[in-house]
Amino acid sequence: MTKKVKCATCSLLALLLVATAAAQKYTVTALGALSGFTSSYADDNNNNGLVTGCSDNSVYPTVPCTTNIAADAFLWSSKGFQDLDHLSGDDQSIGYVVNDSGVVVGSSANTTTGVYHGFVWTNPGPMVGLPDLPGGSGYTFATAITSKGVIVGESATSNGDEHVVLWTKSQGSYHVHDKGCLPSAPYCYADDINESLQVAGTAYFFNNNSKYHAFLWSKAKWKDLGALKGGNSYAVWLNNSGTVLGASTSAKYPNGVVVYWDSTGIHPIYTLRGGTSSAPGFISDAGEILGDSTVTGGADHAFIWTKAAGMQDLNKMIPKNSGWVLHHASSISNSGQIVGYGTINGVNQAFLLTPKQ
């Protein structure tokens, strides 16, 4: 048994940890937008300074790349933007993840037909469409990629169900592998894969979306992660320790709050002060959690959460009177750089936060 330290010592240590974490400040950089577009959204950044996301012509309060309008995926570096274009016949694309080799995966779509296609892009391009399951009507999403190039996503099946799939490359071509779905759930949507090839996502039990749960898949073993009492849940990310990030509704939080699942179960992290809901963005291998939370008045503010400091509003960690409102934090690199989406003087824009030394 571990001997308990005195409560006063605990309180002092907690205060020191919070003070240290709260002292972190960031510079904020507006990424701009691709030529021909006015707004942008950053979905992911890697450990080599590359950022991927999407540009379109949305106007606040519409969130960029969430509506049925023309858009292009991008790859951004300190040298500027690279337009990844879209697959032939499509007019919309979004980059979801860029690995440390600079390979981007995402979705390309035709806004008229509503059909989506998973893609992979490797410098210098062009974008390559990923194969769907037999009879799947060309409907696929590619949502994440490992350092070794294993891609995860989902594909429609011949009977209209949705299955988790992996794509691997051999002899110059990508091949699709059907991993099925959580038992008793016909629709499974994969959102992330870690280096151990564990997959996290969301299973829908009915086509009216009345019941859905986060899942964790590993070597053909499916685990229903459950939800807060009386609620539904979904997963968006997992780290290399197998900790899954997502959100869950409950009677108290009908619009959902951020939760994470580890070996001991589900853990809610709730909201910023005055908030009624929160949404997840990313969990790092160090356990840092990003996302957004409503605040007093109902606006969405980007946050960072750690066990030591709790949930902190990133808007309070950038220079005052900057003109920015940081609405969502999407990803953090090993060096602590954070990307996401906000508005600067009311204009939709992707941002890059860099820790001040």
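Just a few scattered comments:
- Residue match in region 313-320 (condition: among the acidic types (D, E), in a loop (DSSP other than H, G, I, E, B) and modelled with pLDDT of 95 or more): no
- Considering region 249-289, and only residues there that are part of a loop (DSSP other than H, G, I, E, B) and of a type in the set (A, V, I, L, M, F, W, C), the residue that is nearest to A214 (Cα to Cα) turns out to be A251.
- Contact map, region 133-152: residues that are buried (at least 17 other Cβ atoms within 10 Å of the Cβ) paired with residues that are of a type in the set (D, E, K, R) and in a strand (DSSP E or B), Cβ distance under 6 Å, separation 6+ or inter-chain. Pairs shown: L133/D178; F141/E154; T143/D191; A144/D192.
- Residue tally, condition of a type in the set (S, T, N, Q), over 14 Å from F351 (Cα atoms) and touching a strand residue (DSSP E or B) at 6+ places or on another chain (Cβ under 8 Å), over region 39-60: 3
- Qualifying residue in region 91-112 (condition: under 30 Å from K307 (Cα atoms) and either among the charged types (D, E, K, R) or modelled with pLDDT under 95 (or both)): yes
Let's see how each residue does on (1) among the aliphatic types (A, V, I, L, M); (2) surrounded by fewer than 22 Cβ atoms within 10 Å (Cβ to Cβ); (3) under 20 Å from S331 (Cβ atoms):
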site: L87; (1), (2), (3): yes, yes, no
site: D100; (1), (2), (3): no, yes, yes
site: V103; (1), (2), (3): yes, yes, yes
site: P124; (1), (2), (3): no, yes, no
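- Condition check for S58: under 21 Å from the mean Cα position of the chain (by Cα), modelled with pLDDT of 95 or more and not in a strand (DSSP E or B): yes
- Within region 147-154, at least one residue is part of a loop (DSSP other than H, G, I, E, B), modelled with pLDDT of 95 or more and at positive phi.
- Residue check, D292 charged (D, E, K, R), in a strand (DSSP E or B) and within 25 Å of N45 (Cα to Cα): yes
- Region 190-248, residues that are hydroxyl-bearing (S, T, Y) and part of a strand (DSSP E or B): T202, Y204, Y212, S218, S233, Y234, S248
- For region 202-245, the candidate set comprises residues that are in contact (Cβ under 8 Å) with a residue 40 or more places away in the chain and at positive phi; within that set, the residue that is farthest from the chain's Cα centre (by Cα) is A220.
- Residue selected from region 337-357 under the condition out of contact with any Ser or Thr (no Cβ under 8 Å at 6 or more places or on another chain) and modelled with pLDDT of 95 or more, by the criterion surrounded by the most Cβ atoms within 10 Å (Cβ to Cβ): G342
- Failed criterion for K252 (all others in (1) surrounded by fewer than 19 Cβ atoms within 10 Å (Cβ to Cβ); (2) touching a residue at least 12 places away in the same chain (Cβ under 8 Å); (3) over 26 Å from L352 (Cα atoms) hold): (2)
The rows are residues; the columns are (1) within 30 Å of V325 (Cα to Cα); (2) among the polar types (S, T, N, Q); (3) surrounded by fewer than 21 Cβ atoms within 10 Å (Cβ to Cβ).
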position: I193; (1), (2), (3): no, no, no
position: G201; (1), (2), (3): yes, no, no
position: K223; (1), (2), (3): no, no, yes
position: G242; (1), (2), (3): no, no, yes
position: R273; (1), (2), (3): yes, no, yes
position: S277; (1), (2), (3): yes, yes, yes
position: V295; (1), (2), (3): yes, no, yes
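- Filtered residue count, region 155-166, keeping only those that are under 24 Å from the mean Cα position of the chain (by Cα) and either part of a loop (DSSP other than H, G, I, E, B) or farther than 16 Å from C188 by Cα (or both): 1
- Residues (closer than 10 Å to W305 by Cα and out of contact with any Leu (no Cβ under 8 Å at 6 or more places or on another chain)) located in region 273-290: G287, E288, L290
The values are calculated or read from the model by the stated rules, or taken from the named source; none is laboratory data. What you see is a predicted model, and the numbers here were worked out from it, not measured in a lab. Counting neighbours? That spans all protein chains shown, and the Cβs are built from the backbone with ideal geometry, glycine included.
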